[in-house]
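**Q** Pasting a structure here, questions to come.
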Amino acid sequence: MTVVDNIENVLELDHVESHLHPEPSYDVATHPVPTGMEEIWRFTPLKRLRGLLEGAPSDAHLTWEQQLPEGVTLSEISTEQAQALAVSAPLDRLGALAAANAGGAMLLDVPADLVVDEPIRLTLRGNGASETVWGHVVIRVGLHAKATVLVDHVGSAAYDAFTQVVVSDGAQLDLVTVNDWDDDAVHTEQVNIRVGRDATVRAFEFTLGGDLVRTSTNVDYAGPGGSADLLGVYFADAGQHIEHRLFADHTAPRTRSNVLYKGALQGKGAHTVWIGNVLIRKVAEGIETFEQNDNLVLTDGARADSVPNLEIETGDIAGAGHASTTGRFDDQHLFYLQSRGIPEDEARRLVVHGFFNDIIRRIGIPDVQERLVTAVEHELADV
Amino acid sequence: MATLEIKNLHVSVAASDDDGGSDGAKEILRGVNLTIKSGEVHAIMGPNGSGKSTLAYSIAGHPKYDVTDGEVLLDGQNVLELSVDERARAGLFLAMQYPVEVPGVSVANFLRTAKTAIDGEAPKLRTWIKDVNAALERVTLDPAFAQRSVNEGFSGGEKKRHEIAQLELLNPKFAVLDETDSGLDIDALKVVSDGVNRYSAQGDRGVLLITHYTRILRYIQPDFVHVFVAGRLAETGGRELADELEASGYDKYVKAAAV
């Protein structure tokens, strides 16, 4: 079994000089301790990471509960076995630290050709903010298999995880991650997804709680015809830092990526960051990509940073674009609804619910949909 | 029997920088007087930039427009003192030239919420769904539109037909149609006109039809035609005035207003 840590070797790609393309590596030493000035760190309040960047060892774990449909297995594998999987190695220090310190990985395996209708549910519960937890998770969906996986983060911890997602050729995966932490949790995670030939992945991410949440979701493609939708909803309340970093690395022709993240901010010091990076490599002809981030700023004193980056190395693309909006309520929406007799406060609720339902309604798990709609209601109770 | 009276209406908008004016306001409507009674169809015709749409939006209460003088009375009540939604609940409806897309709010939810607000009680679920489907079908929109987000991804014609479906479902006392005919192909124009005629045929509803073209007046018979130039009515007549405008255009009125 060989350790694969460089996507160029695997996919025979040309090297690209770009800050969008950090060198993947499991070796922590290759990812220097950030000063906070680096492009990939400049938005993150490093002091609030509770020492995660120092990488002190810890044996603490989150408490796992799982509902596994027949045929789906959850098992422990060694760090070496996890590293041997054909998924990009960590792209930053936090990802490398999680893989190095977790002492092995939890592997969720959906075997080839298995079509699972009911969702696979994993609840990961933190047992207290004082605990540092290193996590390494592997989700593997076999050839032509189809599954929906819910990863539900609750409780509190200082949790840094590296998650590898292998979507084999022709497979379909809906990955729904809910970050519903207690107010004092710190959660950093790197999710590296490799999309197989003609495979489809939809990764949903809902971030509601936590003192600081910083996730990086990176997608690349093992072959042509792969499709990835990265969809997210987040709420930042006073003092919360919520950062979502997305990277679609088009490493194969005729692949597709679509990123849509929507957030609302309210309260003093609420801070959200959205980074949408797309790299279209020379080999990636005929690809299609769109990335969008919309922020609704509900009160004064909140700050939304939104940075789309698109780098194109080929002249032959089917479509590429990005959009970013940050603002208060759209007066035109309110006017239209009010002009039909709907009172202003109700019009406001409709607009905000609509803003988020746009994404929530796409999840195929009804009880999670309901839970998120309720969470939206709760968050907006004072708006 | 209801009456909508527009009396000496003056409306300004904040001038943008390229207008140059440091006083910051530009007068668009310069004393509009018009009375519409239920059962009547009034057509307002005028060249681009004459203030036709400003009149429509001012009646509906769009915050961009600043009423500096005058009144708009609905059965004696000055609607200018009401909020946008209160005007709608009082019985006014504006079919917009550019209906707004509201992402994530389904047509079904939007219509039910509006109907509940207008009537003061929720419509009966069983008949309401039938009513909505029937209204959509009458304007040749598939009932599947009820599950789509309001106006999102609708073609121009579909948006206009959706406006007319709303008109029929909400059934206001007075409807202001702001260039509902613009950009429609002939089939869609007939569908829209049929809808307006059905609404009007109830006998106790008033229509203010704002248009740039005489084409729609082949399908909707106005009782009165008004020429609107430079922020006020320049001429009022019957159906024959539209024919005259078709033949000779607005030049005569524009020149007269410029003097």
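The values are calculated or read from the model by the stated rules, or taken from the named source; none is laboratory data. None of these values were measured; they are calculated from a predicted model. Using ideal geometry, Cβ is built from the backbone for each residue, glycine included, and neighbour counts are taken over all protein chains shown. Heads up: the accessible areas ignore ligands, DNA and RNA and are worked out on the full protein's heavy atoms, side chains in. Shrake-Rupley method; radii C 1.70, N 1.55, O 1.52, S 1.80 Å.
**Q** Looking at (1) surrounded by 18 or more Cβ atoms within 10 Å (Cβ to Cβ); (2) within 14 Å of chain B (Cβ to nearest Cβ), which is the only condition A:Val297 fails?
**A** (2)
**Q** Going by what's in this entry, would B:Gly183 be described as open to solvent by 40 Å² or more (accessible area, probe 1.4 Å), closer than 24 Å to A:Gly354 by Cβ and more than 10 Å from chain A (Cβ to nearest Cβ)? Explain how you work it out, then say what you get.
**A** Details: open to solvent by 40 Å² or more (accessible area, probe 1.4 Å): yes; closer than 24 Å to A:Gly354 by Cβ: no; more than 10 Å from chain A (Cβ to nearest Cβ): yes.
Against the criterion (open to solvent by 40 Å² or more (accessible area, probe 1.4 Å), closer than 24 Å to A:Gly354 by Cβ and more than 10 Å from chain A (Cβ to nearest Cβ)), B:Gly183 does not qualify.
**Q** Determine, yes or no, whether A:Gly223 is under 23 Å from A:Asn295 (Cα atoms), assigned to a loop (DSSP other than H, G, I, E, B) and either open to solvent by less than 10 Å² (accessible area, probe 1.4 Å) or not β-branched (Val, Ile, Thr) (or both).
**A** Working: under 23 Å from A:Asn295 (Cα atoms): no; assigned to a loop (DSSP other than H, G, I, E, B): yes; either open to solvent by less than 10 Å² (accessible area, probe 1.4 Å) or not β-branched (Val, Ile, Thr) (or both): yes.
Judged against the criteria, A:Gly223 is not a match.
**Q** Mind checking which residues of the stretch B:189-218 are open to solvent by 70 Å² or more (accessible area, probe 1.4 Å) and at pLDDT 95 or above?
**A** Selection gives B:Lys190, B:Asp194, B:Arg198, B:Ala201, B:Gln202, B:Asp204.
**Q** Also, quick follow-up: From the residues in the stretch B:159-218 that are assigned to a loop (DSSP other than H, G, I, E, B), of a type in the set (D, E, K, R) and out of contact with any strand residue (DSSP E or B) (no Cβ under 8 Å at 6 or more places or on another chain), which one is nearest to A:Leu337 (Cα to Cα)?
**A** Checked the stretch B:159-218; the qualifying residue nearest to A:Leu337 (Cα to Cα) is B:Asp204.
**Q** Every residue in the stretch A:323-348 that is open to solvent by less than 20 Å² (accessible area, probe 1.4 Å) and assigned to a loop (DSSP other than H, G, I, E, B), please.
**A** Those that are open to solvent by less than 20 Å² (accessible area, probe 1.4 Å) and assigned to a loop (DSSP other than H, G, I, E, B): A:Ser339, A:Arg340, A:Gly341, A:Ile342.
**Q** Pairs please, first residue from the stretch B:141-155 and within 12 Å of chain A (Cβ to nearest Cβ) and under 19 Å from B:Thr113 (Cβ atoms), second anywhere and open to solvent by 50 Å² or more (accessible area, probe 1.4 Å) and assigned to a loop (DSSP other than H, G, I, E, B), Cβ atoms under 7 Å, 6+ apart in sequence or on different chains.
**A** Matching pairs, first to second residue: B:Val150/B:Glu101; B:Asn151/B:Glu101; B:Glu152/B:Glu101.
**Q** Tell me, which strands (runs of 3 or more DSSP E) lie completely within the stretch B:31-136 with 2 or more residues that are more than 14 Å from chain A (Cβ to nearest Cβ) and open to solvent by less than 40 Å² (accessible area, probe 1.4 Å)?
**A** On the way: elements: B:41-45, B:65-74, B:92-95, B:102-106.
Passing ranges, in order: B:41-45, B:65-74.
**Q** Another question about this same structure. Hey, among the residues in the stretch A:27-70 that are touching a His at 6+ places or on another chain (Cβ under 8 Å) and open to solvent by 60 Å² or more (accessible area, probe 1.4 Å), which one's farthest from A:Ile275 (Cα to Cα)?
**A** A:Arg48
Here is a yes/no grid of residues against (1) among the β-branched types (Val, Ile, Thr); (2) in contact with a His (Cβ under 9 Å, 6 or more places away or on another chain):
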position: A:Ala304; (1), (2): no, yes
position: A:Gly315; (1), (2): no, no
position: A:Gly319; (1), (2): no, no
position: A:His322; (1), (2): no, no
position: A:Thr326; (1), (2): yes, no
position: A:Ser339; (1), (2): no, yes
position: A:Ile342; (1), (2): yes, no
position: A:Arg349; (1), (2): no, no
position: A:Gln369; (1), (2): no, no
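**Q** Output the residues belonging to the stretch A:258-283 that are farther than 18 Å from A:Val233 by Cα and surrounded by fewer than 23 Cβ atoms within 10 Å (Cβ to Cβ).
**A** A:Lys268, A:Gly269, A:Leu279, A:Lys282, A:Val283
**Q** Is there a residue in the stretch A:363-381 that is among the aliphatic types (A, V, I, L, M), more than 23 Å from the chain's Cα centre (by Cα), not assigned by TED's automatic domain parsing to the domain that holds A:Pro45 and not in a helix (DSSP H, G or I)?
**A** The answer is yes, given that some residue of the stretch A:363-381 is among the aliphatic types (A, V, I, L, M), more than 23 Å from the chain's Cα centre (by Cα), not assigned by TED's automatic domain parsing to the domain that holds A:Pro45 and not in a helix (DSSP H, G or I).
**Q** Now, a different point. Would you pick out the residues in the stretch A:164-189 that are within 15 Å of A:Gly232 (Cβ to Cβ) and open to solvent by less than 20 Å² (accessible area, probe 1.4 Å)?
**A** Filtering the stretch A:164-189 down to residues within 15 Å of A:Gly232 (Cβ to Cβ) leaves A:174-180, A:187, A:189.
Once the filter is applied, which keeps residues that are within 15 Å of A:Gly232 (Cβ to Cβ) and open to solvent by less than 20 Å² (accessible area, probe 1.4 Å), the stretch A:164-189 yields A:Leu175, A:Val176, A:Val178, A:Asn179, A:His187.
**Q** Tally time: how many residues in the stretch A:312-359 are touching a Gly at 6+ places or on another chain (Cβ under 8 Å), more than 11 Å from chain B (Cβ to nearest Cβ) and aliphatic (A, V, I, L, M)?
**A** 2
**Q** Turning to a different aspect of this structure: Go through (1) of a type in the set (Ser, Thr, Tyr); (2) modelled with pLDDT of 95 or more; (3) within 26 Å of B:Leu184 (Cβ to Cβ) for B:Ser106 and report which single condition fails.
**A** Evaluating B:Ser106 over (1) of a type in the set (Ser, Thr, Tyr); (2) modelled with pLDDT of 95 or more; (3) within 26 Å of B:Leu184 (Cβ to Cβ) leaves (2) as the failure.
**Q** I need every pair where a residue in the stretch B:199-214 that is of a type in the set (Ser, Thr, Tyr) has its Cβ under 7 Å from the Cβ of a residue that is outside any loop (DSSP other than H, G, I, E, B) and at pLDDT below 95, sequence separation at least 6 or different chains.
**A** B:Thr214/B:Ala242; B:Thr214/B:Leu245; B:Thr214/B:Glu246
**Q** On the basis of being open to solvent by 10 Å² or more (accessible area, probe 1.4 Å), under 27 Å from A:Leu124 (Cα atoms), at pLDDT 95 or above and assigned to a loop (DSSP other than H, G, I, E, B), does A:Gly239 make the cut? Please lay out each step first, then the result.
**A** Details: open to solvent by 10 Å² or more (accessible area, probe 1.4 Å): yes; under 27 Å from A:Leu124 (Cα atoms): yes; at pLDDT 95 or above: yes; assigned to a loop (DSSP other than H, G, I, E, B): yes.
Judged against the criteria, A:Gly239 is a match.
**Q** Just a yes or no: is a residue in the stretch A:100-122 modelled with pLDDT of 95 or more, in a helix (DSSP H, G or I) and not acidic (Asp, Glu)?
**A** Yes, because at least one residue in the stretch A:100-122 is modelled with pLDDT of 95 or more, in a helix (DSSP H, G or I) and not acidic (Asp, Glu).
**Q** Can you name every residue in the stretch B:219-259 that is of a type in the set (S, T, N, Q) and touching a strand residue (DSSP E or B) at 6+ places or on another chain (Cβ under 8 Å)?
**A** Of the residues in the stretch B:219-259, the ones of a type in the set (S, T, N, Q) are B:221, B:236, B:248.
Of everything in the stretch B:219-259, those that are of a type in the set (S, T, N, Q) and touching a strand residue (DSSP E or B) at 6+ places or on another chain (Cβ under 8 Å) turn out to be B:Gln221, B:Thr236.
**Q** Counting only residues that are surrounded by fewer than 16 Cβ atoms within 10 Å (Cβ to Cβ) and either aromatic (Phe, Trp, Tyr) or in a strand (DSSP E or B) (or both), how many does the stretch A:71-97 have?
**A** To start, the set of residues in the stretch A:71-97 that are surrounded by fewer than 16 Cβ atoms within 10 Å (Cβ to Cβ) comprises A:71, A:73-76, A:78, A:80-81, A:84, A:86.
The next check asks that each one be either aromatic (Phe, Trp, Tyr) or in a strand (DSSP E or B) (or both); those that pass are A:73-76.
The qualifying residues number 4.
Per-residue answers, yes or no, for (1) within 23 Å of A:Ala89 (Cα to Cα); (2) in contact with a Ser or Thr (Cβ under 8 Å, 6 or more places away or on another chain); (3) assigned by TED's automatic domain parsing to the domain that holds A:Ala98; (4) without any contact (Cβ under 8 Å) to a residue 12 or more places away in the chain:
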| residue | (1), (2), (3), (4) |
| --- | --- |
| A:Gly128 | no, yes, yes, no |
| A:His136 | yes, yes, yes, no |
| A:Ala147 | no, no, yes, no |
| A:Tyr159 | yes, yes, yes, no |
